[in-house]
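Structure, as structure tokens:
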Amino acid sequence: MRSKIRYVLINFVKVNYLLIGIIVGSLLLFVFVYPQGVSKWVPVPNVPFRLGLDLLGGTHLVYQADLSKSENKNDAMQGVRDVIERRVNFFGVAEPLIQISGQDRLIVELAGISDVGQAIKLIGETPFLEFKETKADTQAILEAQQKGQRLNEDPLQSTGLNGRHLKRAAVAFDQQTYQPQVSLELTDEGAKLFAEITKKNLGKIVAIYLDGVPISTPVVQSEIKDGNAVITGKFTPIESKLLATRLNSGALPVPISLVSQQTIGASLGAESLAKSLKAGIYGLILVALFMILFYRLPGVVSVIALGVYVLIVLSIYKFIPVTLTLAGIAGFILSLGMAVDANVLIFARMREELKAGKSIRASMHEGFSRAWLSVRDSHVTTLIGAFVLYTFTTSIVKGFALTLGIGVLTSLFTATVVTRTILNLISGPKMENKKRLF
């Protein structure tokens, strides 16, 4: 008797290994998505979902860059974006969204920060570093300014060497006076440019400007080829350390100015999240009721597959992770309908085969094989649309496209593999007399 039971169990495992894998995998995914449900018995780390600005609340800032003196505007804007991203990450802001809009604007979204003043200070402290050299009428401008004339003219001109070429800044001390100073190490491009500048300006001033103010005006004694410069001045050790820290955080290649600001309260974000979750639950229930009432037992199977689908999708959101916004949740809710769309095509074909007098298992085989082309084509066309939206649109629509694309890919698995595995289990000879359930 024991050997017979053992044989049956082994045979069950061999035949239904895929089903067992789906069950075990679903349990693990449930623990990952909802660790609070098992934390009383098993210590499970809680990985939170990443929420966007419209759900978590925070600050939306729009900056405009001054590209009037920039030869390569695209590189300048990329440099501004990279620098501000480093700056924000340096201060520990969770998951900032920083993107270029148009030709000269930069959008900064800081989720979880409701104090606009704090956010503006966070960005605004980033220094604008620039090297300037004398020009043909520098002396004339200086003499005129001593007389109160030509005060709006800058006696120096930009060399093209700026914060974009800075590799690293560090505190140093003059070996003779022991005064604190800040040493600058330039990138390879910056070092080459600095060598040309110092060679051209031997015996002349090459001033270092920070935020439009000259902080060091050394006279070039020799050509500097190693890409190292020094900022000298009446610094205290604390001031020099702060300056080095600010420069390392990022020196902007071009000046920027704040043109728009908006705050989204945490309470408004929480309300939006609650409404979105409610909409998702209602959508899931309505889809489940329709499938069960219209397709009966296969409908129940599709609801089980839909539950597996939800677990897989939410796990992907956590694992990647995906920043969930209102638009992203809309894409997820829409994908719930797509998740059972393939089952609708398959089950409709199964009914036609059953009406033709075929067995349940034969009808199921025909349903899956004949509906596959339609299922594949409908999912591929939706994926193409999601790809186009993600590639050529803004961040809000990108969130929608990403969640929709993830949902469509996942539904291909659950609607075919999961649903078919469960139907194979229940569509044995004993069910031939209960075709009304199908």
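The values are calculated or read from the model by the stated rules, or taken from the named source; none is laboratory data. Here the structure is a predicted model, which is why all the values come from computation and not from measurement. All Cβ positions, even for glycine, are placed from backbone atoms using ideal geometry, and neighbour counts span all protein chains on display.
Quick look at the numbers
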| read-out | value |
| --- | --- |
| Enumeration of residues in the range 134-155 that are assigned to a helix (DSSP H, G or I) and hydrophobic (A, V, I, L, M, F, W, C) | Ala140, Ile141, Leu142, Ala144 |
| Enumeration of residues in the range 201-235 that are farther than 16 Å from Lys135 by Cα, in contact with a helix residue (DSSP H, G or I) (Cβ under 8 Å, 6 or more places away or on another chain), β-branched (Val, Ile, Thr) and outside any strand (DSSP E or B) | Ile224 |
| Contacts under 6 angstrom Cβ, first residue in the range 331-346 being aromatic (Phe, Trp, Tyr), partner in a helix (DSSP H, G or I), 6 or more apart | Phe332/Thr403 |
| Filter pass, Arg296 being assigned to a helix (DSSP H, G or I) and within 15 Å of Lys435 (Cα to Cα) | yes |
| Qualifying residue in the range 342-365 (condition: modelled with pLDDT of 80 or more, within 21 Å of Ala111 (Cα to Cα) and surrounded by fewer than 19 Cβ atoms within 10 Å (Cβ to Cβ)) | no |
| Answer from Ala386, Ala401, Ala330, Ala362 - the residue that is over 23 Å from the mean Cα position of the chain (by Cα), part of a helix (DSSP H, G or I) and among the small types (Gly, Ala, Ser) | Ala362 |
| Ile346 vs. criteria within 14 Å of Thr416 (Cβ to Cβ) and in contact with a Phe, Trp or Tyr (Cβ under 8 Å, 6 or more places away or on another chain) | yes |
| Any hit, the range 371-381, residues being among the acidic types (Asp, Glu) and under 34 Å from the mean Cα position of the chain (by Cα) | yes |
| Check on Leu268, at pLDDT below 85 and either of a type outside the set (Phe, Trp, Tyr) or surrounded by fewer than 14 Cβ atoms within 10 Å (Cβ to Cβ) (or both) | yes |
| Members of the range 288-302 found to be of a type in the set (Val, Ile, Thr) and crowded, with 18+ Cβ neighbours inside 10 Å, listed by number | Val301 |
| Sole exception among (1) in a helix (DSSP H, G or I); (2) surrounded by fewer than 22 Cβ atoms within 10 Å (Cβ to Cβ); (3) touching a strand residue (DSSP E or B) at 6+ places or on another chain (Cβ under 9 Å) for Pro321, by number | (1) |
| In the range 166-200, the residues that are touching a residue at least 60 places away in the same chain (Cβ under 8 Å) and either outside any strand (DSSP E or B) or polar (S, T, N, Q) (or both) | Phe194, Ile197, Lys200 |
| First in the range 217-233 and in the same structural domain as Ala244 (by TED's automatic domain parsing) and among the polar types (S, T, N, Q), second anywhere and modelled with pLDDT under 80 and outside any loop (DSSP other than H, G, I, E, B), Cβ under 9 Å, 6 or more apart | Thr232/Ile215; Thr232/Ser216 |
| Filter result (in contact with a Phe, Trp or Tyr (Cβ under 9 Å, 6 or more places away or on another chain) and in contact (Cβ under 8 Å) with a residue 24 or more places away in the chain) within the range 387-398 | Val397 |
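Quick grid of which residues meet (1) touching a Leu at 6+ places or on another chain (Cβ under 9 Å); (2) over 30 Å from Gln157 (Cα atoms):
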{"position": "His60", "(1), (2)": "yes, yes"}
{"position": "Gln64", "(1), (2)": "yes, no"}
{"position": "Leu67", "(1), (2)": "no, no"}
{"position": "Glu71", "(1), (2)": "no, no"}
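Okay, residues lined up against (1) at pLDDT below 85; (2) over 30 Å from Pro218 (Cβ atoms); (3) surrounded by fewer than 17 Cβ atoms within 10 Å (Cβ to Cβ):
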position	(1), (2), (3)
Val42	yes, yes, yes
Gly57	yes, yes, no
Leu61	no, yes, no
Val83	yes, no, no
Gly92	yes, yes, yes
Asp104	no, yes, no
Ile107	no, yes, no
Gly112	yes, yes, yes
